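Read the figures in this text as sums done on the coordinates, not as results from a lab. Nothing here was measured: the structure is a model prediction, and the numbers come from that model. No Cβ is skipped: glycine too gets one built from the backbone with ideal geometry, and neighbour counts run over all protein chains shown.
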Amino acid sequence: MILSTKRFFPRTREQIGYNETMRKIVLFLHQSLDGYCATVEGGLDWIPYNEGFEKYAERLVQTVGSPLYGRVTYEMMKIYWPTLLNDPTASTHDREHAAWIENVEKIVFSTTLVTEDWHNTRVISSNVEEEVKKLKEGEGKDLVIFGSPTLARSLMDMHLIDEFRFTVCPVILGKGMTFLRSIEERVNLELLGSETIEGGMVGLHYKVVR
């Protein structure tokens, strides 16, 4: 779902309501070396999941609170994670993450999803920029977007994303889905950290310079 068609024109800190004390929105996204976050069909089988990656993701999850989803990603999560809660064949990591995502408040952005059909879920369907600013002004840990490239791009157009956590994978897809297409303004970033991850991946942590 495209939530905004506004171009990424420059705005001051005052215009976007930026405040250093507010919760941040962090985008956690896997990318190929050529900048794609999924295949044309939405596939993610090119990401080398392994123990090192699980530990990296666990550390990140410990720093954030509510996840923000677009409808498509939310539907995938809702189908998958609850099945692992009591699955004895699932890994410890998967069961722990399933428990976290079951109990944390989940925020879904959709104009077509009518009811909250997963425990502790809230749907935002209008006044997106205003509602997100309210979320950022609330108490708790930083907010996180897991994937959801269309939502990420919409919030980026609204100047609401504060940090990027890119996991660059050792593959060139050639084509696929990307949330970076057609950005018309330079966005300056400051590198906060980087690390190599098992399987040839590189984790990059940037913040937006405002």
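Structure data summary
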{"read-out": "Over the chain: helical MRE at 222 nm, DSSP H runs n ≥ 4 each giving -39500 (n - 2.57), nearest 500", "value": "-7500 deg cm²/dmol"}
{"read-out": "Segment 44-173: translational diffusion in µm²/s, Stokes-Einstein, Kirkwood Rh over Cα pairs, 25 °C, 0.890 mPa s", "value": "154 µm²/s"}
{"read-out": "Peptide ranges 63-75, 105-117 listed from the most packed, as the mean C-beta count within 10 angstrom indicates", "value": "63-75, 105-117"}
{"read-out": "Segment Gln62-His119, extension gain: residue separation times 0.36 nm, minus the distance between their alpha carbons", "value": "18.5 nm"}
{"read-out": "Cα-only radius of gyration and Dmax that characterise segment 15-77, units Å", "value": "14.8, 43"}
{"read-out": "Of all DSSP beta bridges in the chain, antiparallel share, percent nearest 5", "value": "45 percent"}
{"read-out": "Over 18 Å between alpha carbons, listed pairs Lys24/Lys207; Lys24/Lys106; Lys106/Lys141; Lys55/Lys207; Lys78/Lys133; Lys106/Lys133", "value": "Lys55/Lys207; Lys78/Lys133"}
{"read-out": "Global form of segment 103-210, assessed from the alpha-carbon gyration tensor, a/c cut-off 1.5", "value": "prolate"}
{"read-out": "Stokes-Einstein diffusion coefficient of segment 67-127, Kirkwood radius over Cα pairs, 4 °C, 1.567 mPa s, in µm²/s", "value": "107 µm²/s"}
